[in-house]
1. How many lysine pairs are close in segment 3-85, with Cα atoms under 18 Å apart and the two 8 or more places apart or on different chains?
2. Mind checking the dipole of the chain: about its Cα centre, +1 per Lys or Arg Cβ, -1 per Asp or Glu Cβ, Debye to the nearest 20?
3. Among Leu61, His50, Ile35, flag the residue with its Cα farthest along the positive direction of the charge dipole of the chain, charges on Cβ as +1 for Lys/Arg and -1 for Asp/Glu.
4. Return an integer: the convex hull volume of the alpha-carbon atoms of segment 19-88, in Å³ per residue.
5. Taking the chain as a Gaussian network, where each spring joins two C-alpha atoms under 10 Å apart, which residue of Pro23, Pro59, Pro70 fluctuates the most?
6. Which whole-Hz couplings ³J(HN,Hα) result when phi for each residue of segment 54-59 is put into the Karplus expression 6.51 cos²θ - 1.76 cosθ + 1.60, θ = phi - 60°, listed in order with x for Gly and Pro?
7. Let me check against my output: what whole-number percent is the relative contact order of the chain, with C-alpha pairs under 8 Å and at least 6 apart?
8. Can you compute the modelled spin-label distance between Asn47 and Ala15, with each label point 7 Å from Cα toward Cβ, in nm?
Amino acid sequence: MTQEDVNKSLEALHAEIGKLETPDATVKAKLLALIDDVERQLQNPDNLQHKATTAQKLPSLIEQFESDHPQVTETLGRLLNTLSGMGI
C-alpha cells in the first residue's frame, strides 16, 4: 500500500461525503474529522498516540454508518484496509 492509495481513498471519501443527503450535520462532521486525523497521521507517522486514536475511530465509524450510508461504509472499509496495509 502506498501514499497514493491512501490519497485515492481519501478522495473517494470526500466524494461520498459530498453526495450524502442527511439532515444530521454531525455525520459529515465526523467524517471530515476522520479525514483530518488520517492526514495528520500521514504527516506524523511516528505519533503513536494519534495513530491509536485514529485506528479506534475508523472501525466505529464504519459500524455507525453501515446501514444508513452503505457507500460511505464501503469507502471507509477500503481506507481502513489501505491504512492497515501501511501499518497505520
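1. Working: Lys8/Lys19; Lys19/Lys28; Lys19/Lys30; Lys28/Lys57; Lys30/Lys51; Lys30/Lys57.
Going through segment 3-85 pair by pair, I get 6.
2. Working: 8 positive and 14 negative charges, 35 e Å.
In total the dipole reaches around 160 debye.
3. His50
4. Working: hull volume 5.5 nm³, N = 70.
For segment 19-88, the hull spanned by Cα atoms encloses 78 Å³ per residue.
5. Judging by the Gaussian network model, the answer is Pro23.
6. Running phi through 6.51 cos²θ - 1.76 cosθ + 1.60 with θ = phi - 60° gives 4, 4, 6, 5, 4, x Hz.
7. Working: 56 pairs, mean separation 39.3, N = 88.
Across the chain, relative contact order equals 45 percent.
8. Modelled inter-label distance: 2.8 nm.
Rule-based calculations on the coordinates, nothing more; no lab input. Owing to the predicted nature of the structure, the values given are computational and were not obtained by experimental measurement. Don't worry about glycine lacking a Cβ; one is built from the backbone with ideal geometry, like all the others, and counts go over all protein chains shown.
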